[in-house]
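Quick one: the structure is below, and I'll ask about it shortly.
The values are calculated or read from the model by the stated rules, or taken from the named source; none is laboratory data. Values in this document were obtained by computation on a predicted structure and should not be read as measured data. Every residue, glycine as well, gets a Cβ built from its backbone with ideal geometry; the counts of neighbours run over all protein chains shown.
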Amino acid sequence: MAATHTGPRHPKGPPTTAAAQQAAPFLAALLDSTVGAKVLVALTGLGLVGFVVFHMIGNLKVFQGPDAINAYAYFLKHSLGSLIWIARGSLLAIFVLHLALAVRLQARSRAARPVPYQFPGSVQATAASRTMLWSGAVVGLFVLFHLAHFTFCWVVQVEVAPGQFKSYLELTDAQGRHDVYSMVVAGFTTPWLVALYTVAQVVLFVHLLHGVQSSFQTLGLKNRRFAPVIRALGFLAAFTVLAGNLAIVFGVMLGWAPPVYK
């Protein structure tokens, strides 16, 4: 009678499945624990800050003229192929995870202390830290509006000739590329959009001012020795985003990026 083999028949197959099964409870525990949730909020937050800076640098190409920013937008949309959709999906997942965990942490904090501090001044906190959830909610709503404005192009149209209007999506340059330059110029020569974007950037500045510092602290990088450096980095990151984005808004409004359609 042949010997019966009781060990795993495919040693390279089951361990992968077993590893995945072992990882699932770990991830669930990480998401459920307060410490794990704080770490994930910090990491996703820093990832989103990186995207915001990258996005801002790309948009600053508007001051190099139509060809520069239109070529850049064309590259992102067409040359990267499916990678752009993977990046978008990952970014959306990071954003949703960051928001969901932040809301849950806030709810747990309130449940743990249903009665407010009798002397709020005794608790070390800034206006930015106390309003993180609210500033985050405003930033989230602004992101939805920003997508409606520049991605789905539902908000305003461009007057390409007297009495003739086109959607942002219909704008093309001489090379047949999507005319992102004219889209940005049209957006920031509209007064109410300038006002809305300005307010949103100020709120984002407040959110980042505390968020970046808090993320470094959660990751164990902020102590007495490095606290001044971390505070400086937090301010620098928040101010860079504010200055760069407002430079685009007000630079276009002041005519530093002349319109193609007059």
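List the pairs whose first member sits in the range 125-144 and is outside any helix (DSSP H, G or I) and modelled with pLDDT of 80 or more, whose second member is buried (at least 16 other Cβ atoms within 10 Å of the Cβ) and among the β-branched types (V, I, T), and whose Cβ atoms are under 9 Å apart, counting only residues at least 6 apart or on separate chains?
Listed by first residue and then by second, the contacts come to T131/V206.
Quick test for you: out of G81, G89, pick the one residue that is free of Cβ contacts under 8 Å to residues at least 12 places away in the same chain and outside any helix (DSSP H, G or I). Before the answer, list the steps.
Numbers: G89 fails: outside any helix (DSSP H, G or I).
Of G81, G89, the one residue that is free of Cβ contacts under 8 Å to residues at least 12 places away in the same chain and outside any helix (DSSP H, G or I) is G81.
For the range 163-191, how many residues meet the condition of being among the small types (G, A, S), under 16 Å from A68 (Cβ atoms) and surrounded by fewer than 20 Cβ atoms within 10 Å (Cβ to Cβ)?
First, pick out the residues of the range 163-191 that are among the small types (G, A, S): 163, 167, 174, 176, 182, 186-187.
Subset that is under 16 Å from A68 (Cβ atoms): 174, 182.
In the following step, the residues that additionally are surrounded by fewer than 20 Cβ atoms within 10 Å (Cβ to Cβ) were identified as 174.
Residues in the range 163-191 being among the small types (G, A, S), under 16 Å from A68 (Cβ atoms) and surrounded by fewer than 20 Cβ atoms within 10 Å (Cβ to Cβ): 1 in total.
Please determine, by comparing only the residues of the range 208-262 that are surrounded by 16 or more Cβ atoms within 10 Å (Cβ to Cβ) and in a loop (DSSP other than H, G, I, E, B), which one is modelled with the lowest pLDDT.
Checked the range 208-262; the qualifying residue modelled with the lowest pLDDT is K222.
While we're here: Can you name the helices (runs of 4 or more DSSP H) wholly within the range 1-75 that have at least 2 residues being modelled with pLDDT under 75? Spell out the reasoning first.
On the way: elements: 14-32, 34-59, 66-74.
Filter on the range 1-75 gives 14-32.
Are any of the residues in the range 169-187 closer than 30 Å to R104 by Cα and either modelled with pLDDT of 95 or more or out of contact with any strand residue (DSSP E or B) (no Cβ under 7 Å at 6 or more places or on another chain) (or both)? Before you say what the answer is, go through the steps one by one.
Residues of the range 169-187 that are closer than 30 Å to R104 by Cα, as a first pass: none.
No, that holds for no residue.
Just checking, does the range 94-113 include any residue being under 30 Å from W256 (Cα atoms), among the polar types (S, T, N, Q), modelled with pLDDT under 95 and assigned to a helix (DSSP H, G or I)? Walk me through how you get there before you give the answer.
Looking only at the range 94-113, we keep the residues that are under 30 Å from W256 (Cα atoms), and these are none.
Looking through the range 94-113, none of the residues is under 30 Å from W256 (Cα atoms), among the polar types (S, T, N, Q), modelled with pLDDT under 95 and assigned to a helix (DSSP H, G or I).
Also: Determine, yes or no, whether A200 is in contact with a helix residue (DSSP H, G or I) (Cβ under 9 Å, 6 or more places away or on another chain) and not hydroxyl-bearing (S, T, Y).
It is true that A200 is in contact with a helix residue (DSSP H, G or I) (Cβ under 9 Å, 6 or more places away or on another chain) and not hydroxyl-bearing (S, T, Y).
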